[in-house]
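*Asks:* Pasting in a structure now, in structure tokens, and then I'll have a few things to ask.
The values are calculated or read from the model by the stated rules, or taken from the named source; none is laboratory data. These figures come from a predicted structure and were not determined experimentally. So basically every Cβ, Gly included, is an ideal-geometry build from the backbone, and we count neighbours across all protein chains shown.
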Amino acid sequence: MKKRILIRFKRNTIDKPIVYRLAKDYNLIFNILRAHVYPKAESIMVLEIEGEESDFEKGMEYLRSKNLQIELIEQNIKKDEDRCVHCGVCTSVCATEALHIVREKDMRVEFDYEKCVACELCVKVCPVRAMNVFFDQL
């Protein structure tokens, strides 16, 4: 299973190896998608976590035991078809090929949501702002 979570760190928890413990003690694989970490201040981190469901549940319980606020979220990239001019700029930065040009269909940019890892590179380069990121709380 793979899920995304938002962790809110309090001032006194930022100096502890919280994420390291998820990998070492709970056999979870993580990818840091976004982090705003400040010394001696409240901070946030968005992680994509992958592993067995039982390990995930134990890992979440561990985080809660450390007095961290955990929110399950879903980050999505959406393509606004009305704004997209199919210039292809986004395809040049998409490492997973979630965005690709389909030559059989008049050179149109298509978006395969299943391949998207929500890295946000396409959002940054889209000249007409047809690519957008948002977080849904689950």
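*Asks:* Taking only the range 46-69 into account, find how many residues are farther than 30 Å from His100 by Cα, touching a strand residue (DSSP E or B) at 6+ places or on another chain (Cβ under 8 Å) and crowded, with 17+ Cβ neighbours inside 10 Å.
*Replies:* Residues meeting the conditions: 5.
*Asks:* Please specify each residue of the range 6-31 satisfying the condition of being at pLDDT 85 or above, surrounded by 12 or more Cβ atoms within 10 Å (Cβ to Cβ) and assigned to a helix (DSSP H, G or I).
*Replies:* Listed by number, the residues that qualify are Val19, Arg21, Leu22, Ala23, Asp25, Tyr26.
*Asks:* Here's another thing I want to ask about it. In the list Ser43, Ser54, which residue meets the criterion of being over 18 Å from the mean Cα position of the chain (by Cα), of a type in the set (S, T, N, Q) and on the phi < 0 side of the Ramachandran plot?
*Replies:* Going through Ser43, Ser54 in turn, the sole match is Ser54.
*Asks:* Mind checking whether some residue in the range 44-56 is under 25 Å from Cys119 (Cα atoms), touching a His at 6+ places or on another chain (Cβ under 8 Å) and in the same structural domain as Leu6 (by TED's automatic domain parsing)?
*Replies:* Scanning the range 44-56, I find at least one residue that is under 25 Å from Cys119 (Cα atoms), touching a His at 6+ places or on another chain (Cβ under 8 Å) and in the same structural domain as Leu6 (by TED's automatic domain parsing), so the answer is yes.
*Asks:* Right, here's the next one. With respect to Met60, is the statement that it is outside the structural domain of Cys116 (by TED's automatic domain parsing) and touching a residue at least 40 places away in the same chain (Cβ under 8 Å) true?
*Replies:* Judged against the criteria, Met60 is a match.
To keep it simple, each residue is scored yes or no on (1) at pLDDT 85 or above; (2) in contact with a Phe, Trp or Tyr (Cβ under 9 Å, 6 or more places away or on another chain).
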{"position": "Arg4", "(1), (2)": "no, yes"}
{"position": "Leu33", "(1), (2)": "no, no"}
{"position": "Ile70", "(1), (2)": "yes, no"}
{"position": "Ile77", "(1), (2)": "yes, yes"}
{"position": "Asp82", "(1), (2)": "yes, no"}
{"position": "Glu97", "(1), (2)": "yes, no"}
{"position": "Glu104", "(1), (2)": "no, no"}
{"position": "Phe111", "(1), (2)": "yes, no"}
